[in-house]
Amino acid sequence: MKAGVWVRVFGLALLLALLAGCKTGPVRRVSEPAARIQQLTVKADGSWSVDLRIENFSSIPMQFDRLDLQLKLGEETAGQLQAQPALSIGPESADVVTLALKPASGARLAIADALAGGRSLNYSLKGDILATPSEAKQRTFQIERSSALSPAPGLPGVMR
């Protein structure tokens, strides 16, 4: 064989070896999830209904197995938001879980004052979410979120 043929055969073999080493398919990235209050409704008996939005920023689906978050309104501890939602959320998506809470009296007064005055109220969530990424082991994610809720116009007892 001529030298030019050997160079082409060697080049082709090298190219095939490089391509074989390349990973195909989408990148499988697991990112920290997030949680935030989408809506808080004060019920007639004084208890609250909390719509908690769970956001999966990963590039793969995740099963959200358990959450345990401390809720504070302003400086007042409202209580623990705990659930075992067994909720599967697709990649880069979100879903909402509704939780019942019997708030501490200081938090009850803080939200009543904010609703009566038409003012926003700062809140924070702090705790853990246990989630299982698709085809992987369960992991614990630390959640720390601060934001604010405002009265929803035309919806008495609702903060968003």
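The values are calculated or read from the model by the stated rules, or taken from the named source; none is laboratory data. These numbers come from a predicted model, not from an experiment. Here the Cβ positions follow ideal geometry from the backbone for every residue, glycine too, while neighbour counts run over all protein chains shown. These area figures cover heavy atoms from the full protein model, side chains too; ligands, DNA and RNA do not enter into them. Shrake-Rupley method; radii C 1.70, N 1.55, O 1.52, S 1.80 Å.
Annotations
- Within the stretch 112-139, the set of residues being open to solvent by 80 Å² or more (accessible area, probe 1.4 Å) and under 16 Å from the mean Cα position of the chain (by Cα) comprises 126, 138, 139.
- Those strands (runs of 3 or more DSSP E) of the stretch 25-137 in which 1 or more residues are charged (D, E, K, R) occupy 34-42, 48-56, 62-73, 76-83, 93-101, 121-133.
- Any pair with Cβ under 8 angstrom, 6 or more apart, that starts in the stretch 122-134 at a residue that is basic (Lys, Arg) and ends at one that is in a strand (DSSP E or B) and open to solvent by 30 Å² or more (accessible area, probe 1.4 Å): 126/70; 126/72; 126/144; 126/145
- Residue within the stretch 1-21 that is in a loop (DSSP other than H, G, I, E, B), at pLDDT 95 or above and open to solvent by 70 Å² or more (accessible area, probe 1.4 Å) present: no
- Out of 151, 85, sole residue that is over 16 Å from residue 34 (Cβ atoms) and surrounded by 18 or more Cβ atoms within 10 Å (Cβ to Cβ): 151
- The set of residues in the stretch 30-41 being open to solvent by 30 Å² or more (accessible area, probe 1.4 Å) and in contact with a Lys or Arg (Cβ under 8 Å, 6 or more places away or on another chain) consists of 30, 36, 38, 39.
- Selection within the stretch 103-123 - closer than 10 Å to residue 76 by Cβ and polar (S, T, N, Q): 105
- Looking across the stretch 30-82, the residues that are over 18 Å from residue 145 (Cβ atoms) and of a type in the set (Asp, Glu) come down to 45, 65.
- Checking each residue in the stretch 97-111 for being surrounded by 13 or more Cβ atoms within 10 Å (Cβ to Cβ) and among the hydrophobic types (A, V, I, L, M, F, W, C) picks out 97, 99, 101, 104, 107, 109, 110, 111.
- Taking first residues from the stretch 137-159 that are closer than 19 Å to residue 80 by Cα and partners that are assigned to a loop (DSSP other than H, G, I, E, B) and polar (S, T, N, Q), the Cβ contacts under 7 Å between residues at least 6 apart in sequence or on separate chains come to 148/120; 149/120; 159/150.
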